[in-house]
Amino acid sequence: GIQHHQCYLQDLDVSDNRIGHKGAAALSNSLLTNTRLQDLNLAFNSIGSMGAISIASVLDQNVTLRRLSLRRNGIDNMGACAFATKLPTMRGLKELVMINNPIDHEGSRELLQGLRNNMELVYLHVGDKKSEPILKEIFHWIRLNQAGRRIFRRSDLPLALWPRMLSRLTMDN
């Protein structure tokens, strides 16, 4: 399987296979040891928040997974909060798709909190239409990450200066 050290699988699409939260838990165990998988599509699998919690719990230890789609999985605020908690320590994940899940403003707000301390994620799609101000701020932080905010991890400059620097840069152009 994908846990084997000689597994060269880079993209795995198991969308619409009804793996449920138990299948998500099994995949999360594989993500602990797999060093090649870069793209994982789990859309339409009814993993729910329990499955999302399993996946989120290992993503701070997996630095190779770049793209994760959790579209339409019945993930609610509890699952979103699990990702939000792990976002600050995730170093590999660049794209996270969580649209068409029952995540409301509470879950979106938690994701925003985690994103503020994550410098790697360059795409986060939540799709909570009722939380437009929160989504605008998520977009703001994603844009900062796209602009290279992670360079501040290796610098003595205060991280709080980055938004001000970017706003001046965009105002000058």
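The values are calculated or read from the model by the stated rules, or taken from the named source; none is laboratory data. Note that the structure is predicted; figures quoted are calculated from it, not measured. All Cβ positions, even for glycine, are placed from backbone atoms using ideal geometry, and neighbour counts span all protein chains on display. Surface areas here come from the heavy atoms of the whole protein model, side chains and all, with no ligands, DNA or RNA. Shrake-Rupley method; radii C 1.70, N 1.55, O 1.52, S 1.80 Å.
Here is how the numbers come out for the structure above:
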{"item": "Residue satisfying condition, being among the polar types (S, T, N, Q) and open to solvent by 60 Å² or more (accessible area, probe 1.4 Å), within set Asn101, Asn45, Asn29", "result": "Asn29"}
{"item": "Test: residue in region 84-95 that is under 17 Å from Gly127 (Cα atoms), open to solvent by 60 Å² or more (accessible area, probe 1.4 Å) and either touching a residue at least 12 places away in the same chain (Cβ under 8 Å) or within 13 Å of the chain's Cα centre (by Cα) (or both)", "result": "yes"}
{"item": "Close pairs from region 115-128: first touching a residue at least 24 places away in the same chain (Cβ under 8 Å), partner part of a loop (DSSP other than H, G, I, E, B) and open to solvent by 40 Å² or more (accessible area, probe 1.4 Å), Cβ under 7 Å, at least 6 apart", "result": "Glu120/Arg91; Glu120/Lys94; Leu121/Lys94; Val122/Lys94; Tyr123/Lys94; Gly127/Asn100; Asp128/Asp104"}
{"item": "Residues that are over 11 Å from Asn101 (Cβ atoms), open to solvent by 10 Å² or more (accessible area, probe 1.4 Å) and of a type outside the set (A, V, I, L, M), drawn from region 48-68", "result": "Ser54, Ser57, Asp60, Gln61, Thr64, Arg66, Arg67"}
{"item": "When residues of region 32-42 are limited to those that are open to solvent by less than 60 Å² (accessible area, probe 1.4 Å) and in contact with a strand residue (DSSP E or B) (Cβ under 9 Å, 6 or more places away or on another chain), the one farthest from Tyr123 (Cα to Cα)", "result": "Leu37"}
{"item": "Matching residues in region 69-83 - criterion: being part of a helix (DSSP H, G or I) and open to solvent by less than 10 Å² (accessible area, probe 1.4 Å)", "result": "Gly79, Ala80, Phe83"}
{"item": "Qualifying residue in region 125-134 (condition: in contact with a Ser or Thr (Cβ under 9 Å, 6 or more places away or on another chain), among the aliphatic types (A, V, I, L, M), under 20 Å from Val14 (Cα atoms) and in a loop (DSSP other than H, G, I, E, B))", "result": "no"}
